[in-house]
1. What list do you get for K162, K46, K99 if you sort them by fewest beta carbons within 10 Å?
2. For the chain, what is the mean residue ellipticity at 222 nm derived from helices alone (per DSSP H run of n ≥ 4: -39500 (n - 2.57); sum divided by total residues; nearest 500 deg cm²/dmol)?
3. What ranking of D169, D189, D10 emerges when the number of other C-beta atoms within 10 Å of each C-beta is taken as an exposure proxy, fewest first?
4. Lysines within cross-link reach of K93: Cα-Cα under 23 Å, excluding same-chain residues under 8 positions apart?
5. Given Cα pairs under 8 Å that are at least 6 residues apart, what percent is the relative contact order of the chain?
6. Dipole magnitude of the chain about its Cα centre, charges +1 at Lys/Arg Cβ and -1 at Asp/Glu Cβ only, in debye to the nearest 20?
7. Assuming R0 = 35 Å, can you tell me the calculated FRET efficiency for the pair Q96 and S61, based on Cβ-Cβ distance, to the nearest 0.05?
8. Can you sort M148, M60, M161 so the residue with the fewest Cβ neighbours within 10 Å comes first?
Amino acid sequence: MEIKFFNRWDSEGIAVVDPGLVRYITLEPRILPKTGARYAGDRFRKSDTSIVERLASKLMSSGHKGKKHFMSSGHNTGKKNNALKVVEKALIKIEQKLKKNPIAVLVKAIENAAPREEVIAIEYGGARYPKAVEVAPQRRVDLALRYMTQGAYVRSFNKKMKVEEALTDEIINAAQGTVRSTAISKKRDTERQASSSK
């Protein structure tokens, strides 16, 4: 029996084009992508977790910005089954709109939205200076997923738009590389700041 994501989509023929992210985007299919965080104590093990599950996990805690819990209700309840339903509905909508395998669209969106450089603050003798650094590949995937889920929630939180529709638009726009995607615009801002502080 062939295993597919949500018993609908297989990952055969989907390749990660970005060589830096190949080891960090896992496309091994799961009928129900839910590991129960068995990997939680091990370093770098989350990279072995299916990328669909990582998206669902980010949906459960999308509201943290600058250490403030600015959204801690609605879908941010820690109920993974709810998050997985949202992801499944979003993937169904992507398939209906683009007539493509939505897992491939999600992978393309993550590759496009993953920032390559960011700015850190270095302290020399009491003064702080910005310094551009390359982003680690695992952090690139994490940031892309975080930006996409935050963009979806900002568009749907306390608004008429449903979260699955917002997530669908966010993933499609990120896959196409348009600035309508929050993730793409944040990536460009981050890389612009990094290039100006070299």
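The numbers here are math on the coordinates, done by the rules we state, and not lab data. Note that the structure is predicted; figures quoted are calculated from it, not measured. Cβ coordinates were reconstructed from backbone atoms using ideal geometry, including for glycine residues, and neighbour counts include every protein chain displayed.
1. Taking fewest neighbouring Cβ atoms as first place, the list is K99, K162, K46.
2. On the way: 6 runs with 90 residues, N = 198.
So the calculated ellipticity at 222 nm is -15000 deg cm²/dmol.
3. Details: D169 22, D189 11, D10 14.
Least crowded to most crowded, the residues run D189, D10, D169.
4. Output for K93: K4, K34, K58, K79, K80, K85, K108, K159, K160, K162.
5. Relative contact order here is 21 percent.
6. Values: 39 positive and 22 negative charges, 136 e Å.
It comes to approximately 660 debye.
7. Details: r = 28 Å, r/R0 = 0.81.
Working from the Cβ atoms, E equals 0.80.
8. Numbers: M148 29, M60 18, M161 12.
Going from least to most buried by this count: M161, M60, M148.
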